[in-house]
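See structure below.
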Amino acid sequence: MILDIINKKRLGKELSYKELDYFFNGYLEGRVKDYQMSSLLMAICINGMEDEEIYALTKIFIDSGDVLDLSFIPGIKVDKHSTGGVGDKTTLIIAPIVSSLGVPVVKMSGRGLGYTGGTIDKLESIPGFRINLSDEEVMMQAQDIGVVVTGQTASLAPMDKLIYALRDVTGTVSSIPLIATSIMSKKIASGADKILIDIKVGKGALLQTKKDANKLSSLMKKIGSFYNREVRTIISDMNAPLGRCIGNSLEVLEAIDLLKGKIKTGNLYNLCIDLASEMVCMAKDISKWDAAELVRETIENGSAYNKFLELVNSQNGDIKGITVSKKTKKIRAKKSGILEKIDALELGKLSVDLGAGRKSKEDEIDYSVGIKLNKTVGDIINKGDVLCTLYYNDSYGSIDLDKIFSIK
Ligand code: URA
């Protein structure tokens, strides 16, 4: 039966609910092995899935665990999820912004996937920060301070947690049906009334084309309406990294700077304003324009940063303890010109090489390493200028500068 199912998908045929249920629950129970699941995932990656298969798989993922009931928290709860990018620390910024405006945010985040970082890995770079709250703790904190960012609780879509970790190391991350199933099962199980998805497109993203992003967008909206949830999507660029920092501690420090009002331009700032405004406009039923005013104001008057501190304190974190490696290497330009492109994918790979991400399921992350960009797209570069600074511990290997920075 296991082989029959793999072969059926290898031949591009549609799997029934029963077959998917047998195979995926078999994996959860240990009857289906890693190598067999990897094989089916690869067949899905290559041959895709029909809508009915996607609804079935989403249901199997949701039913593998509990569904949170957030109805006891007054107001519309809006959740946000990103398909993942290089330097994407938006959750750290927009969760406190939106919550400081009176909109409750209960966010279950994930770990890094492929070359893209994960919010939970970033939060773990804050010493003491608890990312494994129980359902009861999530509920209590949501009531007390109106914001929670935690790892997927063990009881929430546990199937996704297992499959996600396997996809990360088997080259099966970029399948549109698997991304849709993974994200939507978690979002529906997390109990939000409305869902905003940031779909990233470009070299540093799971999806490379706008066409694929549109496909994912309409698929997630279809799954949302199947489950009676409003889903909105924003398609955002991921050819260059978001912001100037890549690597866990560095990214948390950059998020803090933005919340303190020290960063007011650039792709990270603009995207955060856009996403936070969309969430506020969905929750409060006001125009996006008015929502954006509120969002900018809550950063300016310090409320958003105070909410971030409340979040960190409530989950036992100590931001004074965040450390970045003392070993640094400045990477200098070999020629003069205009910095035309910064390649997010190559920087993502470099950050994983430095130890900021995982190459296999068992790898431990080094939170203190990463890359800080000293220059950004459009800057005038003189030969010898520092383009970026590497924070490393063990080694940084060889760096192909021309692949990362295009100076014309
Ligand atoms: N984020 C998820 O949670 N799942 C995916 O498959 C991709 C990005």
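Computed values, structure above
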{"read-out": "Loop GluC sites (Glu not before Pro), segment 285-371, which have at most 13 other Cβ atoms in a 10 Å radius of their Cβ (DSSP)", "value": "GLU362, GLU364"}
{"read-out": "Whole-number D in µm² s⁻¹ for segment 141-212, Kirkwood Cα-pair radius fed into Stokes-Einstein, 4 °C, 1.567 mPa s", "value": "92"}
{"read-out": "Length-normalised contact order for segment 310-408 - Cα pairs under 8 Å, 6+ apart - percent", "value": "42"}
{"read-out": "Pairs beyond 28 Å (Cα-Cα), from LYS122/LYS186; LYS334/LYS359; LYS18/LYS107", "value": "LYS334/LYS359; LYS18/LYS107"}
{"read-out": "Full-stretch length increase - ASP193, THR323 - with 0.36 nm per residue and alpha-carbon distance subtracted", "value": "43.1 nm"}
{"read-out": "Label-point separation, GLU136 to LYS264 (7 Å along Cα→Cβ), nm", "value": "4.7"}
{"read-out": "Partners for LYS335 among lysines (Cα-Cα distance below 17 Å; same-chain residues under 8 apart left out)", "value": "LYS375, LYS383, LYS403, LYS408"}
{"read-out": "Calculated diffusion of segment 78-320, Stokes-Einstein form, Kirkwood radius summed over Cα pairs, 10 °C and 1.306 mPa s, µm²/s", "value": "90"}
{"read-out": "Convex hull volume of segment 2-48 per residue (C-alpha atoms, cubic angstrom)", "value": "60"}
{"read-out": "Calculated FRET value between ASP69 and ILE286, using beta carbons and R₀ = 22 Å, to 0.05", "value": "0.25"}
{"read-out": "Potential lengthening between SER360 and GLU14 on full extension [0.36 nm per residue; Cα-Cα distance subtracted]", "value": "121.5 nm"}
{"read-out": "Gained length - ASP51 relative to ASN7, 0.36 nm times residue gap less alpha-carbon distance", "value": "13.9 nm"}
{"read-out": "Cα convex hull of the chain - mean projected area over all directions, nm²", "value": "19.2"}
{"read-out": "Those aspartates and glutamates that a straight Cα-Cα span of less than 15 Å connects to LYS215, excepting residues fewer than 8 apart in one chain", "value": "GLU50, ASP51, ASP198"}
{"read-out": "Where trypsin sites (Lys or Arg not before Pro) fall in DSSP loop in segment 243-310, at most 15 other Cβ within 10 Å", "value": "LYS260, LYS262, LYS264"}
{"read-out": "Value of relative contact order over the chain, rounded to a whole percent, pairs C-alpha under 8 Å and six or more apart", "value": "19"}
{"read-out": "Entries of LYS9/LYS33; LYS211/LYS372; LYS221/LYS284 with Cα pairs more than 26 Å apart", "value": "LYS211/LYS372"}
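Each value in this text was obtained by applying a stated rule to the coordinates, not by laboratory testing. On a predicted model such as this, the values are computed, not experimentally measured, just so you know. A quick note on method: Cβ atoms are made from the backbone with ideal geometry, for glycine too, and the neighbour counts reach across all protein chains shown.
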